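**Q** Attaching a single structure in structure tokens format; questions to follow.
Please treat every number below as a calculation from the coordinates, not as lab data. Every value quoted in this text rests on a predicted model; they were computed, and no experiment measured them. Using ideal geometry, Cβ is built from the backbone for each residue, glycine included, and neighbour counts are taken over all protein chains shown.
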Amino acid sequence: MQLKQHTNNMNDNKNTENLDIFLYFQNILVQELTKIAQKQAWYDGADFSRIIVEPPRDLSHGDMATNAALVMAKSAGKKPRELAEDIKKILNNISDIASVEIAGPGFVNFRLNAKTWHKILTKILNIGVTFGENNLGRGEKINIEYVSANPTGPMHVGHVRGAIIGDTLAHLLEKVGFAITREYYFNDAGTQVDVLAKTVHLRYLEVLGDDIGEVPEGLYPGEYLKDVAEALAKQDGDKWKDRQEEEWLPAIRDFAVEYIMQMIRTDLDLIGIKHDIFTNERDIVENGTLDTAFNTLENMDLIYEGTLPPPKGKEMENWEPVPLTLFRASKFGNQPDRPLKKRDGSWAYIMPDIAYHYDKIKRGFNKMIVVLGKDHSGYEERLKPVVEVFSDGKAELDVIYNSIVKVYKNGELVRFSKRSGNIITLREMVEEVGADVIRFFMMTRTPDSELEFDFDKVVEKSKDNPVFYVQYAHARCCSVLRNAKDIMPDIDISDDALANADISVLTSTDDLEIIRMLASWPRVIRAAAEAYEPHRISFYLQDLAALLHGFWAKGREDASLRFIIEDNVELSIARLTLVRAVAIVIASGLAIMGVKPVEEMHA
């Protein structure tokens, strides 16, 4: 079998400009196995989507591995190792591949030749920071709701992690071709907002000269509400001083919500986070969306009056079943029917959220992602049935839960509470360590893992600090390029020149190891986007930085591994191409994370 049509694709096919080399070989296998299946009459019913090409678990086995023989053997009516022989023939006819081996029950491992890796390095220089982008999303709309802190105070450390996870995911999905709408949803109709208004009124009286004493329990004691009260007094004078609560409560509530939401927008801007849409619960209720959503469920015979059993695991001696307005959630899986109204007939907590997702679907979103704290566990299960109903099964809802952030200052755990007024605001964090440090560090753990944010360690200049380690790698690349120009003033180190450099001399194990890592960048982007796991970007950047720093360290002991070798201009230029490619990919990854790469590290 001749596969000449695949031999030059990596150079000539414009559709692979931002080449994912793993996907490239995966597509070849699918194409060729499809031809075999059609010729041998086992195509019908065969699921070619299960074929994967990926790095082997043990890199000593090769550059790439595929499960194709294992997942297609049953369809082909062959033993896996027998089909693996057919796959081996396919791969052996591709000029980019140096060797192919069959391992275990039918895995196929293969190695690429150095020239193939060099092609990818050249492409990175040609393409620049857009290397790795693709059109996975094909312009499909996704609504990502994140932050969504209620307007009862400034942004604090408890909100920051979810904000950064959501914003980084938005950047990531845009990079793979989705049309992203960033949305902020807040509750401005609940009891806590009334508590806010009452607290602001008390502080307002204080601004007007009254002695208010200690802030009563149940209100917000935080000093930050004095600013709201002062702004209210400046706007309205003593207008609300002697009025009854039913008169001042709505007006002060609206004023406080608007003031704090503007403060939140300003704080988020400090870390580069902007939303396209702000939606609030009061509008959902007052514009009729909530009633429409409820009526829609009722018209589909999904609402009924009934009773629920007592809560599991709780002893309730005086418990009596009470008729409630219930949603037939049990029709959509193993979950209980859920009350949509409380015993007094008012809306249950979940109903505004149901209406909000009804509104999203009516706005044309069939993909919705919500980023919430881990304390909201179960939100996805409660909302998925209604999302399915409202969209006729077309919409998808995914919820990313992020765990708590433990904050340390001066080596001690900081315990904070908005109720007690003891909080660390986002503004304070930015002033102390900077926005880029916050954004990067919040992405150094999986969302469901607890994260320790130590104000001392996040600015520490050591390899144990991932923020410093990655930024130092980019700065080191920039320093190498500057030094090369000083040592060899006649060389051209522009991206265009480096893209046309002879890099065939990059044959050492260390050279090729870095190129392999760079070549995997498109795959990392794709996999992170498909899984909605933006933290993979941070993990990849840390691994790439480790390789760069390790190469540098080896060069101090072995002159042949230095980036700049004065008596070998050809190898030096090739290594500068490698260094520049590392800088490009790091900058690309940092851009997804909303972090600006630094070119120099200062003491």
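**Q** Excluding same-chain residues fewer than 8 positions from Lys78, which lysines have a Cα within less than 29 Å of its Cα?
**A** Candidates past the 8-residue exclusion: Lys4, Lys35, Lys39, Lys88, Lys89.
**Q** Where the only charges are on Cβ atoms (+1 Lys, Arg; -1 Asp, Glu), what is the dipole of the chain about its Cα centre, to the nearest 20 debye?
**A** My answer is approximately 2160 debye.
**Q** In segment 290-368, how does Rg compare with the Kirkwood Rh, expressed as the Rg/Rh ratio over alpha carbon atoms?
**A** On the way: Rg = 14.3 Å, Rh = 14.0 Å.
Result for segment 290-368 is an Rg/Rh of 1.02.
**Q** Going through the cross-link list Lys274/Lys367; Lys312/Lys367; Lys175/Lys341, which pairs have a Cα-Cα distance over 31 Å in this structure?
**A** Violating the 31 Å limit, Cα to Cα: Lys312/Lys367; Lys175/Lys341.
**Q** Give, in whole angstrom and from largest to smallest, the semi-axes √(5λ) of the equivalent ellipsoid of segment 4-112, with λ running over the eigenvalues of the Cα gyration tensor.
**A** Semi-axes (√(5λ), whole Å): 21, 17, 12.
**Q** Still on this structure, I have one more. With unit charges on the beta carbon (Lys/Arg positive, Asp/Glu negative), name the residue among Ala473, Phe390, Ser49 whose Cα is farthest towards the positive pole of the charge dipole of the chain.
**A** Value computed over the given set: Ser49.
**Q** Same structure again: Obtain the radius of gyration and the Kirkwood radius of segment 182-240 from its C-alpha atoms and give Rg over Rh.
**A** On the Cα set of segment 182-240, Rg over Rh gives 1.03.
**Q** Relative to the longest principal axis of the C-alpha atoms of the chain, give the angle of the C-alpha long axis of helix 521-531, reported between 0 and 90° and rounded to the nearest 10°.
**A** Its long axis makes an angle of about 40 degrees.
**Q** Dipole of the chain (Lys/Arg Cβ +1, Asp/Glu Cβ -1, origin at the Cα centre): which of Ile592, Ile491, Ala329 lies farthest to the positive side?
**A** Ranked along the dipole, the leading option is Ile491.
**Q** Evaluate Rg over Rh across the chain, taking Cα atoms for both radii and Kirkwood's formula for Rh.
**A** 1.05
**Q** Ok, one more. What is the distance in Å between the Cα centroid of segment 333-373 and that of segment 102-179?
**A** 29
**Q** Next up: Quick one: Debye curve from the alpha-carbon atoms of segment 211-334 only, equal weights, vacuum; give me log10 I(q)/I(0) at q = 0.12, 0.13, 0.18, 0.19 Å⁻¹ to two decimals.
**A** -0.87, -0.94, -1.06, -1.10
**Q** What nm value, rounded to one decimal, do you get for the distance between Arg415 and Glu245 when each label is placed 7 Å out toward the C-beta?
**A** 3.1
**Q** What are the residues whose amide H is under 5 Å from the amide H of Lys406, where those residues sit 5 or more places off or on another chain and H is modelled from the backbone?
**A** Leu451, Glu452, Phe453
**Q** For Lys331, go through the aspartates and glutamates and keep the ones whose alpha-carbon is under 12 Å away, minus same-chain ones fewer than eight residues off.
**A** Excluding near neighbours in sequence, the set is Asp301, Glu388.
**Q** Now for a different question. At 4 °C and 1.567 mPa s, grab the translational diffusion coefficient of segment 466-592 from Stokes-Einstein with a Kirkwood Rh over Cα pairs, rounded to a whole number in µm² per second.
**A** 86
**Q** Can I ask one more? Expressed as a rounded percentage, what relative contact order does segment 466-592 have, with Cα pairs under 8 Å and six or more residues apart?
**A** RCO, segment 466-592: 42 percent.
**Q** A further question on this structure: Using the beta-carbon distance between Glu214 and Glu431 and R0 = 25 Å, what value does 1/(1 + (r/R0)^6) give for FRET efficiency, to the nearest 0.05?
**A** Here the calculated transfer efficiency is 0.25.
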